[in-house]
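The values are calculated or read from the model by the stated rules, or taken from the named source; none is laboratory data. Note that the structure is predicted; figures quoted are calculated from it, not measured. Virtual Cβ from ideal backbone geometry, glycine too; neighbours counted across all protein chains shown. The accessibility values were calculated without ligands, DNA or RNA, using every heavy atom of the protein model including side chains. Shrake-Rupley method; radii C 1.70, N 1.55, O 1.52, S 1.80 Å.
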Amino acid sequence: MFLIKCPFCGERDHSEFSYGGEAHLVRPKQPTELSDDQWAEYLFMRKNIKGLQYERWNHLHGCRRWFNMARDTSNDKIHSVYKIGEKPSK
Amino acid sequence: MKKKYSIFALIKNSLSYHENWQKAWRNPEPKSKYDAVIIGGGGHGLASAYYLAKEHNFKNIAVLEKGWIGGGNTGRNTTIIRSNYLWDASAGLYDHALKIWENLSQELNYNVMFSQRGVMNLAHNQHDVRELKRRTHANRLNGIDCEWLNVEQVKKFCPIINCSPNIRYPVMGSTLQRRAGTARHDAVAWGYARGADAMGVDIIQNCEVKGIKRNGDSVEGIETTKGFIRTKKIGVVAAGHSSVIANMAGIRLPLESKPLQALVSEPIKPIIDTVVMSNAVHAYVSQSDKGELVIGAGTDAYISYTQKGTHEIIEGTLKAILELYPIFSRLRMLRQWGGVVDICPDASPLISKTSIKGLYFNCGWGTGGFKATPGSGHLFAHTIAKDEPHALNASFNINRFVSGDLVDEHGAAAVAH
Ligand SMILES: Cc1cc2nc3c(=O)[nH]c(=O)nc-3n(C[C@H](O)[C@H](O)[C@H](O)COP(=O)(O)OP(=O)(O)OC[C@H]3O[C@@H](n4cnc5c(N)ncnc54)[C@H](O)[C@@H]3O)c2cc1C
Ligand SMILES: [Zn+2]
């Protein structure tokens, strides 16, 4: 169990939030021009990192807004929280 | 020579106070070179090595395990074994395993305590009823035993289930696979380890893989905490840590690793002689031979390698258990733990070659791979030895995420254990 600091509402129990997977995956501008391999890479392949990961969360049972988080998946320690469109601080 | 376990061996060893049993497997140092190396000493990895040695005559091989064998998900699961999956490819895969289970104790000369006590999958709403009936028919068409039970039959088969229509998620029927059941998880790892060791396989514990050495598009060897090991064939069977090893080799897999939890109660007298699973309320229960209720929960939604999981998952499961089995209300829980499970987007496994020559993956078993252990090892050994899949695992290749030919067992597999 851990606390998450929503950039809009402040610190709340993580059960108020829902997880949105790896962050900073950019949707290809012209999907029709991708090969099947490239499309699969974008849709399905993941780093699934053990260690510091950049990921998206949604404050589902709160302000319902999306934001990014840098968390160490080997110990669930949260390093930073930042808004969509921003770059991670480190 | 490995001595056989038998009633006579038991009597003989009792005369020396059980102090002179032969070691079940050696504890060798790694050689500098092997014909093939399996990474991961769980049930699937040990079974893979066993069948490589037994059916493909690979004798100069090793299994590398970073901790102790069976200490991963193999030793952490709730041991439910069944083969009533929806799609033909899955039915073929899981029933192949179930058939091996039926004779496994004899084959390994090791009691894996396989118990065909039946597995029920409860329906709690109209949609469940339709889905589960559809699955019953699909199973039968594939030659897999499956029955539909109405509420009265449910009550008769497992009397402690609360079949009152007035509960929040009333029981509206159930499937029953009678050939399904449970087995002793540790014994599966130990039995395969002992069998593989007897054929000369080196099982190397406390040996963590730190890197995969590539020469262009093929593998050359493995960096480990016990030095460099040269090999042309690497089979990765690392469950929740599969992506970590894929990243070492410079490839990505369609996996996310999440915590999955289970818990056991204090031991009580026999009260439930089958396995009951429920998808809608996400709770399942069976009773171990020691008398503990073995209760499984769901996964947390986020990636984590902590082997922990959160409290509200357990809380949700126990709420459901209490409504379905009011008789458990005063039981105390003894232990709770978590494992790291590797989940594919279609909830089916990968037993597959990769774009790198000599690098094979057997993973993505997620929340439900214990049941497949013998079949998975058998098919993976074939894939490694022949450098091509067996007909039964051809659908479970990585390429399905490129072609779109997924094996979507998400809804179909009920609770995916
Ligand atoms: C709580 C829980 C309940 C479950 N319930 C069921 C169930 O009822 N029925 C069912 O069918 N399945 C169930 N499962 C799933 C099942 O446990 C797994 O699918 C199965 O055991 C996987 O076996 P394995 O041998 O692939 O993995 P593991 O047993 O996890 O083995 C992988 C091994 O790889 C080793 N390893 C990892 N990285 C490295 C490295 N770098 N170097 C060397 N070694 C490494 C690990 O230490 C580990 O021992 C459950 C899982 C959990 C966690
Ligand atoms: Zn918020």
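A few comments on the model shown:
- Those strands (runs of 3 or more DSSP E) of the range B:240-313 in which at least 3 residues are within 14 Å of another protein chain (Cβ to nearest Cβ) and out of contact with any Lys or Arg (no Cβ under 7 Å at 6 or more places or on another chain), considering only elements entirely within it, cover B:256-265.
- Annotation note: Cβ proximity below 7 Å between a residue of the range B:306-317 that is at positive phi and a residue that is at pLDDT 95 or above (sequence gap 6+ or interchain) occurs for B:GLN307/B:PRO259; B:GLN307/B:GLY338; B:GLN307/B:GLY339; B:GLN307/B:VAL340; B:GLY309/B:PRO259; B:GLY309/B:LEU260; B:GLY309/B:GLN261; B:GLY309/B:GLY338.
- Residue in the range B:47-58 that is in a loop (DSSP other than H, G, I, E, B) and of a type in the set (A, V, I, L, M) present: no
- Pairs, first of a type in the set (Gly, Ala, Ser) in the range B:327-349, second part of a strand (DSSP E or B), C-beta under 6 Å, six or more apart: B:GLY338/B:PRO259; B:GLY338/B:GLN261; B:GLY339/B:LEU260
- Residue under evaluation A:LYS83, criteria (1) closer than 28 Å to B:GLU315 by Cα; (2) among the basic types (Lys, Arg); (3) more than 10 Å from every other protein chain (Cβ to nearest Cβ), criterion not met: (1)
- Screening B:LYS371 on (1) more than 14 Å from chain A (Cβ to nearest Cβ); (2) open to solvent by less than 30 Å² (accessible area, probe 1.4 Å); (3) within 14 Å of ligand 1 (Cβ to nearest atom); (4) within 26 Å of B:VAL219 (Cα to Cα) shows it passes everything except condition (4).
- Number of residues in the range B:266-285 that are modelled with pLDDT of 95 or more and either open to solvent by 30 Å² or more (accessible area, probe 1.4 Å) or over 22 Å from B:PRO170 (Cα atoms) (or both) equals 7.
- Residue that is farthest from B:LYS233 (Cα to Cα), among those in the range B:385-409 that are open to solvent by 80 Å² or more (accessible area, probe 1.4 Å) and away from chain A (no Cβ under 14 Å): B:ALA391
- Subset of the range B:166-196 [part of a helix (DSSP H, G or I) and open to solvent by 10 Å² or more (accessible area, probe 1.4 Å)]: B:HIS185, B:ASP186, B:TRP190, B:ARG194, B:GLY195
- The range B:80-103, subset assigned to a loop (DSSP other than H, G, I, E, B) and open to solvent by 20 Å² or more (accessible area, probe 1.4 Å), residue nearest to B:GLU131 (Cα to Cα): B:TRP87
- Members of the range B:351-367 that are more than 13 Å from the chain's Cα centre (by Cα) and either hydrophobic (A, V, I, L, M, F, W, C) or under 16 Å from B:ASP300 (Cβ atoms) (or both): B:ILE351, B:ILE356, B:LEU359, B:PHE361
- Members of the range B:344-366 found to be closer than 20 Å to B:GLY296 by Cβ and surrounded by fewer than 24 Cβ atoms within 10 Å (Cβ to Cβ), listed by number: B:ALA347
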